[in-house]
Amino acid sequence: MTESQPLPIVLLHGVGLDRTMWEPAETALGQLTDRTVVSLDLPGHGSEPALTAPVSLEDLAEDVAGRLPGRSHIVGFSLGALIAQHLAVHRPDLVASLASVSSVCRRTPEESMQVRRRLDAARSDFRGSVEASITRWYPEGQGVDRHRIEQTRATLLANPVESYLHAYEVFATADTEIGTELHRIRVPSLAVTGEFDPGSTPEMTRRLEAAIPGTRAVVVPGARHMLPVEQPDELARIIHHFITEPNREDHG
């Protein structure tokens, strides 16, 4: 990366998904910016080797750090947001800005119990838990093209179950760990979620806004959890505006 080149945007997906979930938003971003936009598969997902043992948020973040194209504007979705936050705390040299999309934050005991129930359901009936996710994310289609819904279902079902469970364990618990460190983040930060997201709620986005100094919170009206698929154009607009604000440090 030379001084004259704008820093890339790196997209990190959620648990059980892969880099293809970003295709609609990646296309929309490409229409707004000349920057390089890179979507990565998280460890245990997509083209990356399956997880065969328990892992930590630190393990996942270190793996991603080793595959970043240098200092970048990092956009994390769901589990990807927790990884992005860990990088912003522990590897700020790699993070020009942080965008947490549909991110959990400091779950309450009841919220922790709910995600634990979903993890237990995946252990006992993986296919059933996939269908529950599809229903939760795309109720009555939520205006999303049927092909995209089927693509999400196929991606989830393609996961080796053990690998998925190891990743989901991190998603279900790591907000407790990273939540105590969010105040250490000093890079420009954005938190955005859907108005009707049942898991990464607007209240959690407001918690992120309070926890990370200077964070801007955005709640997208009418949207649910899968913002990059459901409202890719609006999400791309929000991210592009955030990254290109005047005085945003842009070169490594």
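Each reported figure results from applying straightforward, stated rules to the coordinates on display, with no laboratory input. Note that this is a predicted model, so its numbers are computed, not measured. All Cβ positions, even for glycine, are placed from backbone atoms using ideal geometry, and neighbour counts span all protein chains on display.
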### Query
So what J values fall out for the range 78-88 if you push phi through Karplus, 6.51 cos²θ - 1.76 cosθ + 1.60 with θ = phi - 60°, rounded to Hz, Gly and Pro as x?
6, 4, x, 5, 4, 5, 4, 5, 4, 5, 5
### Query
Listing 150, 169, 23 from the residue with the fewest other Cβ atoms within 10 Å to the one with the most, what is the order?
150, 23, 169
### Message
Let me check against my output: what whole-number percent is the relative contact order of the chain, with C-alpha pairs under 8 Å and at least 6 apart?
### Response
26 percent
### Net length gained if the chain between residue 58 and residue 5 were fully extended (0.36 nm per residue, minus Cα distance)
16.1 nm
### Task
Calculate I(q)/I(0) for the range 9-243 by the Debye formula, one identical point scatterer on each C-alpha and no solvent, and give its log10 at q = 0.09 Å⁻¹ to two decimals.
-0.31
## Note on the structure
Nearest 10, in degrees from 0 to 90: the angle of helix 232-243 to the longest Cα principal axis of the chain is 40 degrees
### Task
Please determine, in degrees from 0 to 90 and to the nearest 10, the orientation of helix 202-211 with respect to the longest principal axis defined by the Cα atoms of the chain, where the helix direction is its Cα long axis.
40 degrees
